[in-house]
Structure formats: structure tokens, C-alpha cells
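What follows is one structure encoded as C-alpha cells, with my remarks underneath.
The values are calculated or read from the model by the stated rules, or taken from the named source; none is laboratory data. Predicted model, so just to flag it, every value in this text is computed and none were measured. Positions of Cβ are backbone-derived with ideal geometry, glycine not excepted, and every protein chain shown enters the neighbour counts. Surface areas here come from the heavy atoms of the whole protein model, side chains and all, with no ligands, DNA or RNA. Shrake-Rupley method; radii C 1.70, N 1.55, O 1.52, S 1.80 Å.
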Amino acid sequence: MTRTHTPLRTRLGVLLGAAGLAVPLAVVAGGTAQAAPAKAPAKTAPAKASAKVTCPTNKGRIACVDLTRQVSWIQDGKKVKYGPVHIRSGRKGFATRTGLKKVYWRDKNHVSSLYNVKMPYSQFFDGGQAFHAISGSVYSPPGSHGCVNMRTKDAQAYWNLLRKGDDVFVYGRKPGT
């Protein structure tokens with residue numbers, strides 16, 4: 001059975017083109033490159049490219065959390081002060097909320113009243129969501145109940161660098177949430 005390669009080229013061209021990438025060639029089945037169509041068929045509307053979100057550089061000291069890549073860092077203006085470090089954020093049904101927040105409460109030896117779990121070096125920034133250390137792996141599924149979990153050494157560094165009132169910017173989306 002012979003397959004036509006036009007749908008693959010069209011989808012690849014539309015997707016990459018919508019992401020702002022030049023698409024002079026398309027790879028078809030078998031690994032060969034062919035000229036991509038100059039324009040998507042009339043019935044296919046190109047997707048709008050979303051603006052790239054990054055951590056603000058006009059805020060002074062700020063903790064940045066990229067949920068998509070599951071990393072966090074602290075920067076001051078454009079200069080990274082610590083990180084990036086691997087994190088574990090909220091699981092399905094308990095997503096870490098996005099937006100610009102502020103550290104409003106710090107508790108070095110916090111114990112969760114909801115989950116009866118130790119949360120060392122807790123720095124709360126959105127309701128019950130906080131940066132804190134975990135004893136297990138940040139790579140273990142399924143994720144937290146909304147907090148930004150990190151290794152103890154990273155949570156200690158965050159504790160030493162952040163203060164009450166410092167900004168926290170959470171953006172992106174954890175895959176599967």
C-alpha cells in the first residue's frame with residue numbers, strides 16, 4: 001500500500017511554523033527530505049504561537065519555578081544566584097498554582113497539619129504551597145500536593161537566600177497535570 005507524504009509534511013510545517021521556526025524541508029517516512037509546502041492547505045488554519053514565558057528580570061531577587069521543565073532557580077535581575085535545581089511540583093488534582101506570588105511565611109521545622117509530614121525549610125508563597133525539602137527523591141512520582149519539593153541542600157540554600165516578601169514566579173505546566 002502506498003502512502004502519501006503530504007499530511008506529514010503539512011502537519012510538521014504547520015507545527016514548526018507556528019512555533020516560529022523556518023521549515024524549508026520536511027522529513028518524510030524513510031528519512032528523506034523533501035521541500036515543504038509553501039503554505040498550508042486552506043482548510044488547515046495555522047495555530048497561533050504562544051508567547052514564551054520567562055521569569056521577570058525587573059524584580060530584583062526572585063525565585064523562579066518552571067513547571068514544564070521541573071526546575072527552579074533564584075535570580076537577582078538577570079543574574080542567577082542559585083540553581084537551576086531539579087524540583088517536584090504538584091501531582092494531578094493538586095497542581096502547583098502559577099503566577100507572581102510573594103514569600104509570606106517561613107518555618108524552618110514545619111510539619112504539615114493536613115498530611116502529617118515534615119516539611120523542612122518551608123517558605124510559603126501561595127496558600128499552603130511552599131518550597132521545602134523532602135527526604136525522598138524529587139524524581140519520584142506522582143508529585144506533591146502543590147508544594148515545590150527539593151533536595152535538602154537546595155532547600156537550605158533557598159532558605160538562606162530568600163526572605164519574607166521576596167517574589168516567586170511560577171509558570172508553565174507539569175506534564176500530566
Find the accessible area per residue for segment 98-172; the probe is 1.4 Å, ligands and nucleic acids are left out, and the unit is Å². 50
Summed residue charge, Cβ within 15 Å of Trp73's Cβ, Lys/Arg positive, Asp/Glu negative: +3
Compute the distance in nm between two label points, each set 7 Å from the Cα along the Cα-to-Cβ direction, one at Leu100 and one at Tyr171. 1.1
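Please list Lys92, Lys101, Lys79 in order of solvent-accessible area, largest first, computed with a 1.4 Å probe with all protein chains present.
Highest to lowest solvent-accessible surface, that is Lys92, Lys79, Lys101.
List the equivalent ellipsoid semi-axes of segment 138-177 in whole Å, largest first, each obtained as the square root of 5λ for an eigenvalue λ of the Cα gyration tensor.
Gyration-tensor ellipsoid for segment 138-177: 22, 15, 7 Å.
How many percent of the alpha carbon pairs in segment 67-177 exceed a separation of 20 Å?
32
Give me the compactness ratio for segment 93-133, meaning the Cα radius of gyration over 2.2 N^0.38 Å.
Here the Cα radius of gyration is 1.14 times the empirical estimate.
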